[in-house]
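The values are calculated or read from the model by the stated rules, or taken from the named source; none is laboratory data. If you're wondering where the values come from, they're calculated on a predicted model, not measured in any experiment. As a convention, Cβ positions derive from the backbone with ideal geometry for all residues, glycine included, and neighbour counts pool all protein chains shown. For accessibility, only protein heavy atoms count, side chains too; no ligands or nucleic acids. Shrake-Rupley method; radii C 1.70, N 1.55, O 1.52, S 1.80 Å.
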Amino acid sequence: MIKACIFDLDGVIVDTAHYHFLAWKRLAHELGFELTPADNEKLKGVSRMKSLEIVLDLGGVKASDEERESLASRKNIWFQEYVEQMAPEEIFPGVNQLIQDFKANGLKVGLASSSKNARTVIRRLGIADEFQVIVDGTMIVHSKPHPEIFLLTAQMLSVAPEYCLVFEDAEAGVEAALAAGMRCVGVGNQQHLHLANRVVAKTAQFQLSDLTQL
Ligand code: G6P
Ligand code: MG
């Protein structure tokens, strides 16, 4: 029985995953190599500094701690330029309705995003008040696939992990949800997300009535 639904943000509610990719791709290009969509799967759900580490490894680039700070902050400035242009119309079709359906049926709804920009993004989308609990990248020590972010969200929602369902587009996020002892709907490609209890191509393909079939 599911009592709470916990949504990841980037790639589940809105296509900011693409904006993260464009910003990392630009950084890689400036460093002299190209980042592919396949490389990007490894960055989804992963914190900014950990993502940078993966990007630098992919390009075989060495950088001091100070250089890393400056590279990460440049990537973030480009990402924020995309965010500033965002509007509520960018929320994936049907996601707002799905959240309303869950709430109307007595489920709690939380947001768990590794992004330190998560609050800015959901404010721009006009949905900040839809979530009973919001946990973002400023509130955790360990990045997904560590279960910390989901365990903290469940604790703040006062729901035991076994009654929580997570929506995730990242391999690292699916792993984190399962490690937290929760069920998980993967949003995207079956191949990347096969560990999830169910995989849908788009978030809103999952419906309230599907809760009983997990
Ligand atoms: C999310 C995204 C990742 C991103 C991370 C940190 O988990 O899926 O791609 O790297 O947040 O985002 P931030 O906005 O803090 O750089
Ligand atoms: Mg995501």
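Say we look at the stretch 76-92 and pick out the residues that are touching a helix residue (DSSP H, G or I) at 6+ places or on another chain (Cβ under 6 Å) and either away from ligand 2 (no atom under 16 Å from the Cβ) or of a type in the set (Lys, Arg) (or both); which of these is most open to solvent (accessible area, probe 1.4 Å)? The extreme case among them is Pro88. Within the stretch 34-58, the set of residues being more than 19 Å from Ser113 (Cβ to Cβ) and surrounded by fewer than 17 Cβ atoms within 10 Å (Cβ to Cβ) comprises Glu34, Thr36, Pro37, Ala38, Glu53, Asp57.
The C-beta contact set for the stretch 109-128 (first residue closer than 15 Å to Phe92 by Cβ and open to solvent by 10 Å² or more (accessible area, probe 1.4 Å), second residue within 16 Å of ligand 2 (Cβ to nearest atom) and among the acidic types (Asp, Glu), distance under 9 angstrom, 6+ apart or interchain) comprises Arg124/Glu90. Selection over the stretch 100-119 of residues that are away from ligand 2 (no atom under 16 Å from the Cβ) and part of a helix (DSSP H, G or I) gives a count of 5. Checked against (1) within 13 Å of Asp8 (Cα to Cα); (2) open to solvent by 30 Å² or more (accessible area, probe 1.4 Å), Asp136 passes all but condition (2).
Scanning the stretch 181-197 for residues that are under 19 Å from Gln213 (Cβ atoms) and surrounded by fewer than 16 Cβ atoms within 10 Å (Cβ to Cβ) yields Gln190, His194, Leu195.
Filtered by the rule that a residue be over 13 Å from the mean Cα position of the chain (by Cα) and either closer than 22 Å to Glu90 by Cβ or among the small types (Gly, Ala, Ser) (or both), the stretch 1-20 gives Ala4, Cys5. If you go through the stretch 162-180 and keep only what is farther than 17 Å from Leu43 by Cα and either open to solvent by 40 Å² or more (accessible area, probe 1.4 Å) or among the hydroxyl-bearing types (Ser, Thr, Tyr) (or both), you end up with Glu162, Tyr163, Leu178, Ala179.
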